[in-house]
Amino acid sequence: MKILMIGGTGIISSAVTKLCLEKGYDVFLLNRGESRKLPDGAKHIKADIRKQNEVKVLLEDHKFDSVVDWISFTREHAENDFELFRNRTKQFIYISSASAYLKPVKSLPVKEDFPLGNPVWEYSRNKIAGESFLTEKRLSEDFPVTIVRPSHTYDKTKIPLPGYWTTLKRMIDGKPIIIHGDGTSLWTLTHTNDFAKGFLALIGNESAIGETYNITSDEYLTWDEICKTMAAAINVIPKIVHVPSDIILKYDREWGEGLLGDKAYSMIFDNTKIKSLAPEFKSEVSFEKGAKEIVMWYLENKERQIVDIEKDKLMDFLAEKFR
C-alpha cells in the first residue's frame, strides 16, 4: 500500500511510521523536515501542509491508498485536508482525541458513541470541530474518512506528569510533587508501540471508513499510582501534595485547562471496536515498564533534563499552601 503521513515523526506517529515500513508499505512523509530525523526507508515530501497551493503542486502526480494527518488541530486544518485529498486517497484517517468526550462521562468504560463536548479546553473543541466537518463531508460527498481517538499516548521522551522533567527532578531532590484532586481518579496511559499495533489494522481497511475508533491501553491507574510508579523507577518515594484542579487553573491556565477539560476525570476506554478489526491487539507495555524506559532516556543525557523554572516555583508555592 502507498501511505502518506502528514507529520509522521512525532511521539505517536513515529511508531506507526516504523511499523508501516516494517510491513513493507510504500511510506511517504509530508513535513517540513525540521524536527526529528526521518526514518530509513520513508520517502520525504518536504512541504508545509498549511500552504495548500504549494502542497497541491507537489502531490499532483500522487494518489494514495491511505492518508493520515497527525497534525490537524482545527476545523480549518480539516477543511484544508479535504481540499487536498478529496480525490487523492481511498481513505483519510483523522487523528482526533479522547479528550473530546463530554465529561463527566455517563459510565465507564468510554465507548465511541458517547457524546462529545468540552466547554473548558479549546484544544478539544477544535478537534471536535474537525471531526464534525469531516463527518459532514463523509455524508454529503462520500469523503472516505476514518476517525481515531487516542488518549494520553506516550513514549520514552514523555513524562506523563506536569512539568515533565521538572517533576522528576523534584522527586530526585525530595521536593513535594503536585497531584491534582485527591489522586484517586483513574487514567489510561498508552505506550506508542501498543497504539501502533492497533492503528495498523485501520490502514487501507475499507470497513473502517465512516467509523470512529478508540485505541488505548487496557491498563488504568490512579494519578497517585502513576506518580508512585515514576518514583519507583528512580528508587525514591514521592512526597505527594494534593491540590484541587480549579485552584491549579487559577494559577496556571494551560495546566488547569488540561485538568478540568480532561485529566481530572476518571477515563478508561472500551477497545472492543478496534479489537474487532485486530483481535490480536492488546497492550503489552505496562506503565511500570514504560516508566523505567522514560527514566533511562532522561538520565542518559543531561541535555534532556530541562527544568521549567516557573512551573517549579509554582509547585513550591502550591505545595506550601496545601501541605
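The values are calculated or read from the model by the stated rules, or taken from the named source; none is laboratory data. Keep in mind that this is a model prediction, so the values were computed, not measured. Every residue, glycine as well, gets a Cβ built from its backbone with ideal geometry; the counts of neighbours run over all protein chains shown.
Things worth noting here:
- Boolean, Glu293 is more than 21 Å from Ile178 (Cα to Cα) and over 22 Å from the mean Cα position of the chain (by Cα): no
- Residue match in region 252-259 (condition: touching a Phe, Trp or Tyr at 6+ places or on another chain (Cβ under 6 Å), more than 30 Å from Glu206 (Cα to Cα), in the same structural domain as Ile178 (by TED's automatic domain parsing) and touching a residue at least 60 places away in the same chain (Cβ under 8 Å)): yes
- Every pair of residues 6+ apart whose Cβ atoms lie under 8 Å, when the first sits in region 48-76 and is in the same structural domain as Gln91 (by TED's automatic domain parsing) and under 14 Å from Phe92 (Cα atoms) while the second is in a loop (DSSP other than H, G, I, E, B) and among the aliphatic types (A, V, I, L, M): Asp65/Met1; Asp65/Ile203; Ser66/Met1; Ser66/Ile203; Val68/Ile203; Asp69/Ile49; Trp70/Ile12; Ile71/Ile49
- Residue count for region 280-294, restricted to those that are surrounded by 20 or more Cβ atoms within 10 Å (Cβ to Cβ) and outside any loop (DSSP other than H, G, I, E, B): 4.
- Residue count for region 266-279 satisfying the condition of being in a loop (DSSP other than H, G, I, E, B) and of a type in the set (A, V, I, L, M): 3.
- Region 1-44 - residue that is of a type in the set (Lys, Arg) and either in a helix (DSSP H, G or I) or within 19 Å of the chain's Cα centre (by Cα) (or both) and, of those, surrounded by the fewest Cβ atoms within 10 Å (Cβ to Cβ): Arg36
Matching residues to (1) closer than 26 Å to Tyr220 by Cα; (2) buried (at least 17 other Cβ atoms within 10 Å of the Cβ):
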| position | (1), (2) |
| --- | --- |
| His77 | no, yes |
| Phe133 | no, yes |
| Pro144 | no, yes |
| Thr157 | yes, no |
| Pro160 | yes, yes |
